[in-house]
Every structure is written in C-alpha cells, then in structure tokens.
Amino acid sequence: MAAARAGGDDGGSNEVQWCFLEVKGTSDEDVAEADIISTVEFNYTGDLLATGDKGGRVVIFQRKQESKSRPLSRGEYNVYITFQSHEPEFDYLKSLEIEEKINKIRWLPQQNAAHFLLSTNDKTIKLWKISERDKQAEGYNLKDEDGRLREPFRVTELRVPTVKAKDLTVEANPRRTFANAHTYHINSISVNSDYATYLSADDLRINLWHLEVTNRSFTVADIVDIKPANMEELTEVITAAEFHPHHCNVFVYSSSKGTIRLCDMRSAALCDQHSKFFEEPEDPSSRSFFSEIISSISDVKFSHSGRYMMTRDYLSVKVWDLNMENRPVETYQVHEYLRSKLCSLYENDCIFDKFECCWNGSDSTIMTGSYNNFFRMFERDAHRDVTLEASRESSKPRAILKPRKVCTTGKRKKDEITVDSLDFNKKILHTAWHPMENIIAVAATNNLYLFQEKVN
C-alpha cells in the first residue's frame, strides 16, 4: 500500500535534533553569479566534502580531526584545496558558448593515498587526482637547483639525489579528459560499482565510459539513445541517471514525463529496451496546464541498500520499490502549499527549478530542498517530517535548529510564515548527507551550511 505522508512533526524520543556547525561563504547581499554553488558531494568516508560553482571552481573541504583540547571540534570542515576545474569555451561549429559551471561532482573510492573525483560541465568530464606532497627530491645530476636541465658535459661527478621534507602542499592534477561525446547538456554522471566505468547522461543520450582507457575510440559506448529520427516527434528528455550501488549491469534513468526506466546492460549493448518501467497513474481530476511540468523528475537516487530508489519532482519526493513498477511505495509532499501558486511560479520560471534529494546513511531518512532557504526531512519509519531553515540568523555555534512551519490556512500562528511571504530567490537545490553520520551539507546560493546531530 502506498503511503502518502505529509503534515507536521510529532514528538518522539528518537527524534534527531539538528544544530548549526558552520557556514562557508560570504554574507554579502550582492552575490556574484560565479560564486553560486551548483553541486555538493561527500566522498565515500565523509572526510572530504566537495562543492562546485557556476564559475567552474571546485572547493574541497577536509574534516577536522578531534583534538584533546577541543574534544567536540571533530565535524568541522576546513578548506583543503580550491582549483579551477573548467573554463568557459566556445563551440565555433554551433556558435555556442559553453559555460564553465560545474553540473556534477562524483568521488571515486580511495585506493591509495590520493583521492580521485569526476567533475563535469555541460560538455566535458574531467578526472582529477587530489594528492598531498610533503617531500621533494634534491641533488639531481642533470638538473640544477632551479630545475633547469644541465648540459651532460658539465656533469663531472655522480650525485645521489636525496629526499627532504617540505611544507605540505595539496595538488589537483587532471588525469583524464572525456570530451566530444555529448551533443546536449550533461545532467548526470554516476560511477559504477565496478569502479572501472561510469555513465554520463544528457537530454537524449547516456554514454558509458572506462576510467582507464585513454584511446578515445574505446572510451565511450552509447548505451541509451532516445533521439528520434525527426526531432519534431520528440516527446520527452532524459533528466537524470544513476548506476545501481551493487549490480554493475543495472542503471536507471528518469524522464521529463515523470517516468523511470531500469535497464540491464546484460540484455543488449544498446539499452533501447528497458527491463522495468516505473510510472504512477495520473489522477484525471487533478490534471492541469502545469501537470506535465511539475511531474518532470529532477533527480533519482538509489538507496544504499539498492532495494529502493527515490525520485524528486517539483512538489514531491517518491520512494519506489524496485520490485513494484506501477506506483511508489511512499510519497512525501515537499511544498504542496505551492500548488495554488503554480501560475506565478511559471511566470518567474521557478517552476523549472531542479531540486535534488539524498538519503541518510541507513536509508531511514530522506532530505530535499525548498524555497525561502527551507529544506525538508522525512523519517520513513517514524512517519515524521520537519522543515528547517539554512539561515545566518541561527548560525551561532551549536545552536539548535527550530522547525519552521508555513501557514496554509487563513489565520497565521506565531512563528509561522505565510506562503505569500516566501522568498523564491532563496532556494535549496543541492544537499548532501554524510555517508555514516548525521552531518548534512546544504547549499544556499553562495553559502554552504553544515549541520550536525546535537550531541549531549
């Protein structure tokens, strides 16, 4: 039986209380477009947190280790490295500018001392190696102290190079560049559970890449292509795609029609025939001009267990059991009070905002964003939900976040906010949850808020 859940918070002894940890970014009113955060991602251990912005930069934060003098300091994240991942480009064949904006970041599992991540803009994916260097070799035979090559005849003695300690530096080096395979804008990248391949998706195509193969003719395989022979017959586009966390042959992709297709790469090289098709029947009584727009899926995420997947559309989050295709098992209303405002949201283009969603480490709670810098959490088993706000006004150290409520009836209670007073320019599109602990990262325009569970 599908459960439709919304409503207020009910008390409970196991309810998580969230407190402010820190905020990154400036508090300036005038925000530069390049500083707006466009993606947030924890690595597999949660010790590193990466953000990408519209200026093509990647900023990586490292978790601070707990010290004896400050036993509660563990959890704070400091800047580890900042680097320019993408630059603006120009496609001369199509006379189009290619933005430097980072659309997605995905970490690879750590195999050695270095860290690896994938970052992508609209057209080009890059594999970056993040490494530390605290030693350097000195006393080369064929190089002088400045690093310039010496003429061989000037070498009169054979020296043994020595390794000396130096100040720690963190370096970001591009190891691979995966380009020229997407005609349309890349909206998703997802690393496979074999950790050797990954997929990238644009509006009409999904490509499969191998991380190690540098010969471009072998790096990419076209696994989904929904482009019709006549573009006038196009009825839907791909909005998101993700690999299954445990089965390297299975992936899903969502569409602008609110459907999800699960594909198995063992069945065919080109997955133009899906294995499963997930769609919720539409209620004819609720159909309107905006129905197709608000049913478009903006994000799809497998649960860590691989049993469920979660999709986000404009007004709701749905949880699907992979064994049940005809309807979601859970539906959570994120901001149902906006249904009466769809006309004005269409006029100011907010109806096209693409909200992401994420699971906590145990798949028991899901989180997604809303407007007015609000973000929502839904506890699946406890049937509780809460609205919290990312705001500098409640950014005192260890300050507990107070639940926020939006007034949907005529009479407003104290501490409630009316729908008409919501700020639609302040929106939480990107969130991330630490894979093992109750630490969350919330991107609000150019600021990154970090919250953690209150510890007694």
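The values are calculated or read from the model by the stated rules, or taken from the named source; none is laboratory data. All of these numbers come straight from a predicted model, not from anything done at the bench. FYI the Cβ positions are ideal-geometry reconstructions off the backbone, even for glycines, and counts take in every protein chain you see. Note: areas computed on protein heavy atoms with side chains; ligands, DNA, RNA excluded. Shrake-Rupley method; radii C 1.70, N 1.55, O 1.52, S 1.80 Å.
In whole percents, the pair-distance distribution calculated for the range 296-369 from its alpha-carbon pairs, binned every 5 Å from zero, is 3, 16, 26, 23, 15, 9, 6, 2, 0. By the beta carbon rule, with partners counted only under 4.7 Å, the chain holds these lone Cys residues: Cys19, Cys248, Cys343, Cys350, Cys357, Cys358, Cys407. Computed from point charges on the beta carbon alone (+1 for Lys and Arg, -1 for Asp and Glu), the dipole magnitude for the chain about its Cα centre is near 1260 Debye.
Using the 1.4 Å probe convention, the accessible area of the chain works out to 52 Å² per residue with neighbouring protein chains retained. Shown for the range 159-296: the carbon plus sulfur share of the solvent-accessible area, taken with all protein chains present and a 1.4 angstrom probe, equals 51%. Across all C-alpha atoms in the range 194-277, the radius of gyration and Dmax reach 13.0, 38 Å. At 1.4 Å probe size, with the rest of the protein present, what percent of the exposed accessible area of the range 329-456 is carbon and sulfur atoms? In the range 329-456, the share of accessible area belonging to carbon and sulfur is 48 percent.
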